[in-house]
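Down below is the structure, laid out as structure tokens.
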Amino acid sequence: MAKYRRRKIQHRRGGATVRPRRVLRMPLLARKGVLAIAAVLEVAVHGTSKPVSAEVLAERYGLPTRHLEPLLQALVREGILRGIRGPRGGYHLGRPGNTITVERILRTVRTTEDGHEISLASSQLLSKVVVPALGKIEDAFSAALARISIADLTRSAEKWTRLPPPGRAKRARRTRA
């Protein structure tokens, strides 16, 4: 089994030490799935007193709102999030965080993706060996994800750091003249 080496090299930029960022060598989740988990977690952490808007989420993740809204709407249809319309609208959790699993979020998001399946008609090696082996891996991965709830991730987020509330950064107050 190959060992992964940590890069110990640190670079200096403007007097600050910068550590190399962790890069996933073999990502197991699609970017859209990771965004969905992060968005639900953001709503769980910051949406307790007032709804978190799609614009704020999109700004936080550096995305156009139009890319994030279909994902959020799929989560609303599944009951994971609850959408509130209007100028002060946004999203709240649709049910308690301990009943929302990472696996359910990923399954919901997967239904919004265009399915590109591998054609197995021409390869018996794929259909008889590779696909069954990967199926067992997918089942184990899915079972592990089903054990992680949004409530678990929320507790981790609260222990790790106090994130700034979304929408507070760089907003100038308007005064009446």
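Annotations for the structure displayed:
- Here segment 45-103 is the region considered, the condition is being of a type in the set (S, T, N, Q) and under 23 Å from R155 (Cα atoms), and the residue that is farthest from the chain's Cα centre (by Cα) is S49.
- Residue within segment 43-50 that is surrounded by fewer than 19 Cβ atoms within 10 Å (Cβ to Cβ) and at pLDDT 85 or above present: yes
Condition check ((1) surrounded by 14 or more Cβ atoms within 10 Å (Cβ to Cβ); (2) within 25 Å of R147 (Cβ to Cβ)) across all residues:
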| site | (1), (2) |
| --- | --- |
| S53 | yes, no |
| A58 | yes, no |
| R82 | yes, yes |
| H92 | yes, yes |
| P96 | no, yes |
| T101 | yes, yes |
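- Here I37 meets each of (1) touching a strand residue (DSSP E or B) at 6+ places or on another chain (Cβ under 9 Å); (2) among the β-branched types (V, I, T); (3) surrounded by 15 or more Cβ atoms within 10 Å (Cβ to Cβ) with one exception, condition (1).
- For first residues located in segment 78-107 and without any contact (Cβ under 8 Å) to a residue 12 or more places away in the chain, partners that are among the β-branched types (V, I, T) and lie 6+ apart or on another chain with Cβ distances below 9 Å form the pairs G83/V76.
The values are calculated or read from the model by the stated rules, or taken from the named source; none is laboratory data. Since this is a predicted model, take the numbers as computed values, not measurements. Positions of Cβ are backbone-derived with ideal geometry, glycine not excepted, and every protein chain shown enters the neighbour counts.
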